Amino acid sequence: MAAVPFRVGFGEDAHRLEAGLPLVLGGVPVPDAELGAVAHSDGDAVLHAVADALLSGLALGDIGQYFPDTAAEWKGMDSRVILAKALELVRGRGYAPVNVAVVVTLDKPKLGPLRAEIAASVARLLNLPPSEVGLSFKTSEGLAPRHVQTRVTVLLGSIEG
Ligand SMILES: [Zn+2]
């Protein structure tokens, strides 16, 4: 691969929501969620999309290849492990994230009060200052009330001198 200074990545993730399940976004439990994510892992749609964005920037495939949802060992797993694996693969290719932009579409609850906590959590996991994690919170305007969707772009910078 030619050493270009920057590469862009894009990721998307969605989960169906049901009552009685936890909702975790960006590694942060959402305290007043009436609905939680149906998933093989902990269903963290933010971390899944960030991990896929990291991998896509270097054409390394997607998280389903590394963590198949048929594997019993990954059942209920903490998605921070998935993100750590994606980051390790990216670093192995000589790149690190520069900044990340995250759009979360969720009708309820409003995520604004968790903005600083989610940004800090994602930043910590990516080894970035929170100022490099942009978060936009949208609703589906009632079109998909039992659904959480996340879209992420990431800029990767070469760490080779
Ligand atoms: Zn997911």
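Each value in this text was obtained by applying a stated rule to the coordinates, not by laboratory testing. Computed from a predicted structure; not experimentally measured. All Cβ positions, glycine included, derive from the backbone under ideal geometry; neighbour counts span all protein chains shown.
Note on residue 110 and residue 78: with the Förster distance fixed at 30 Å, the Cβ-Cβ geometry gives a FRET efficiency of about 0.75. Find how many whole Å separate the alpha carbon centroid of the range 99-161 from the alpha carbon centroid of the range 3-39. If you average the Cα positions of each part, the centres end up 9 Å apart. The fewest-to-most ranking of 153, 139, 70 by surrounding Cβ atoms within 10 Å reads 70, 139, 153. The packing ranking, built from the mean of other Cβ atoms within 10 Å per residue, places the peptides 131-138, 42-49 in the order 42-49, 131-138, highest first. Given q = 0.12, 0.15, 0.16 Å⁻¹, what are the Debye log10 I(q)/I(0) values for the range 6-158, with equal point scatterers placed on the Cα positions and solvent ignored? Each listed q corresponds, in turn, to -0.45, -0.71, -0.81. Of all aspartates and glutamates in the structure, the ones whose alpha carbon falls short of 18 Å from that of residue 108, not counting any fewer than 8 places away in one chain, are 13, 18, 32, 34, 44, 117, 141.
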